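Novice: Once you've had a glance at the structure underneath, I'll fire off some questions.
The values are calculated or read from the model by the stated rules, or taken from the named source; none is laboratory data. What you see is a predicted model; the values in this text were computed from it and never measured. Virtual Cβ from ideal backbone geometry, glycine too; neighbours counted across all protein chains shown.
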C-alpha cells in the first residue's frame, strides 16, 4: 500500500492493513488484501464459525469499525461486498442480518429449471431412500475426507405439478449432519438447504455445476415414466458453505421434455 493511499483526515484516520490484522484474533487473521477486503474476510470467518448465526443481527457499522480499528466507510464497503454475495441482508432502519435460507429464496438462487415458456418451475420432492454409505475415492476428495468416511446418500424424485421430472442422488457428510433423517415416500416441499441451515447450522453460500448429456438408466426411467435410454440432462452440483467447504454433492438427471435448464450470463 503506497503512502498516498494511507493519507487520512484528522477526524477519521485510515488504519493500515497490518493494524486490521493485529486487531483481530490470530485465528481470524487474513492474508494480505485491500483494507475493506480484509475486513470482509474477517467478518466472513465470524459467520462461517457460527459466531453470527443465520437471521442474527450484526453489530452496527460503528461497533464493527471500533472493533477492527478502521473507518465506518471501510466497514460499509466490506458489508456491501458481503451483501453482493448474498451472505447478509441489510434492512433499512432495522440493521444488518446474516442471510437465512427460505425455500423460495433457495429455489430462486439455486434451482435453474424453467418451463417451455421460460417461467420458473417450483418442484416438490419424494424421497425414495436414505442410507449411510462409505465415501469412494472421488467423493472423499470432494469432501476433503478419507476414503470410507460415512456419507448420507439420499435418492429422490422431484416433480413438477405432481409429474416426475428429475431423478436425484444427494450425498452429504454424515459427520457434518448427524441424525439427518428424511421421511420416505411423502411429498416434501421444504428445500434441503433450508434443512441443512435450520437443523445443522450449515449455510450453502454458492454452488458450481457441470452439465452432461446422458441416457436414462432402467431405474431412472422407471421412476420418471420414460423408456430406458431416453436422452436426459445431468446436472452435477457441488454446494459450498460460507467458509468454502464442500457440503453436498448432488447429481440430478432431468427430463428436458418437462423442464429446461436456464442460466443468465452477465
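Novice: Output the qualifying pairs, or none if there are none: Cβ atoms under 8 angstrom, residues six or more apart or on different chains, first residue in region 165-179 and outside the structural domain of residue 125 (by TED's automatic domain parsing), second residue in a loop (DSSP other than H, G, I, E, B) and buried (at least 19 other Cβ atoms within 10 Å of the Cβ).
Specialist: From residues that are outside the structural domain of residue 125 (by TED's automatic domain parsing), there are no pairs.
Novice: Could you check region 199-216 and list, in sequence order, the residues that are in contact (Cβ under 8 Å) with a residue 24 or more places away in the chain and out of contact with any strand residue (DSSP E or B) (no Cβ under 7 Å at 6 or more places or on another chain)? Explain how you work it out, then say what you get.
Specialist: In the first step, residues of region 199-216 are kept if they are in contact (Cβ under 8 Å) with a residue 24 or more places away in the chain; the result is 200-212, 214, 216.
Selection gives 200, 201.
Novice: Spot the failing condition for residue 117; the list is (1) surrounded by fewer than 17 Cβ atoms within 10 Å (Cβ to Cβ); (2) free of Cβ contacts under 8 Å to residues at least 40 places away in the same chain; (3) outside any strand (DSSP E or B); (4) in contact with a strand residue (DSSP E or B) (Cβ under 8 Å, 6 or more places away or on another chain), and only one is missed.
Specialist: All conditions are met except number (4).
Novice: Could you look through region 154-179, keep only residues that are assigned to a loop (DSSP other than H, G, I, E, B) and out of contact with any strand residue (DSSP E or B) (no Cβ under 8 Å at 6 or more places or on another chain), and pick out the one that is modelled with the highest pLDDT?
Specialist: Top of the filtered list is 178.
Novice: Here are 243, 229: which of them is surrounded by fewer than 16 Cβ atoms within 10 Å (Cβ to Cβ), assigned to a loop (DSSP other than H, G, I, E, B) and in contact (Cβ under 8 Å) with a residue 24 or more places away in the chain?
Specialist: 243
Novice: Within region 198-218, take every residue that is more than 10 Å from the chain's Cα centre (by Cα) and under 14 Å from residue 172 (Cβ atoms) and give me the one that is surrounded by the most Cβ atoms within 10 Å (Cβ to Cβ).
Specialist: Among those that are more than 10 Å from the chain's Cα centre (by Cα) and under 14 Å from residue 172 (Cβ atoms), it is 200.
Novice: Would you be able to say whether some residue in region 98-113 is farther than 18 Å from residue 207 by Cβ and modelled with pLDDT under 95?
Specialist: Yes - at least one qualifying residue is present in region 98-113.
Novice: Looking only at region 77-93, which residues are part of a loop (DSSP other than H, G, I, E, B) and touching a strand residue (DSSP E or B) at 6+ places or on another chain (Cβ under 9 Å)? Let's see the steps before the verdict.
Specialist: Of region 77-93, the ones part of a loop (DSSP other than H, G, I, E, B) are 85-87, 92-93.
Passing the criteria: 85, 86, 87.
To keep it simple, each residue is scored yes or no on (1) assigned by TED's automatic domain parsing to the domain that holds residue 246; (2) under 25 Å from residue 260 (Cβ atoms); (3) touching a strand residue (DSSP E or B) at 6+ places or on another chain (Cβ under 7 Å); (4) not in a loop (DSSP other than H, G, I, E, B).
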| position | (1), (2), (3), (4) |
| --- | --- |
| 131 | yes, no, yes, yes |
| 140 | yes, no, no, yes |
| 146 | yes, no, no, no |
| 152 | yes, no, yes, yes |
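Novice: Residues of region 47-71 being closer than 20 Å to residue 193 by Cα and in a helix (DSSP H, G or I), which ones?
Specialist: Hits for region 47-71 are 47, 48.
Novice: From the list 74, 96, pick out the single residue that is more than 15 Å from the chain's Cα centre (by Cα) and part of a strand (DSSP E or B).
Specialist: The match here is 96.
Novice: Can you go through 249, 226 and tell me which one is touching a strand residue (DSSP E or B) at 6+ places or on another chain (Cβ under 6 Å) and outside the structural domain of residue 47 (by TED's automatic domain parsing)?
Specialist: Matching residue, one of 249, 226: 249.
Novice: What number goes with the only condition from (1) modelled with pLDDT of 95 or more; (2) over 24 Å from residue 222 (Cβ atoms); (3) surrounded by fewer than 17 Cβ atoms within 10 Å (Cβ to Cβ); (4) over 19 Å from the mean Cα position of the chain (by Cα) that residue 135 does not pass?
Specialist: Every condition holds for residue 135 apart from (3).
Novice: Out of 203, 186, which single residue is within 25 Å of residue 131 (Cβ to Cβ) and assigned by TED's automatic domain parsing to the domain that holds residue 137?
Specialist: On the way: 203 fails: within 25 Å of residue 131 (Cβ to Cβ).
Step by step, each of 203, 186 is checked, and only 186 is within 25 Å of residue 131 (Cβ to Cβ) and assigned by TED's automatic domain parsing to the domain that holds residue 137.
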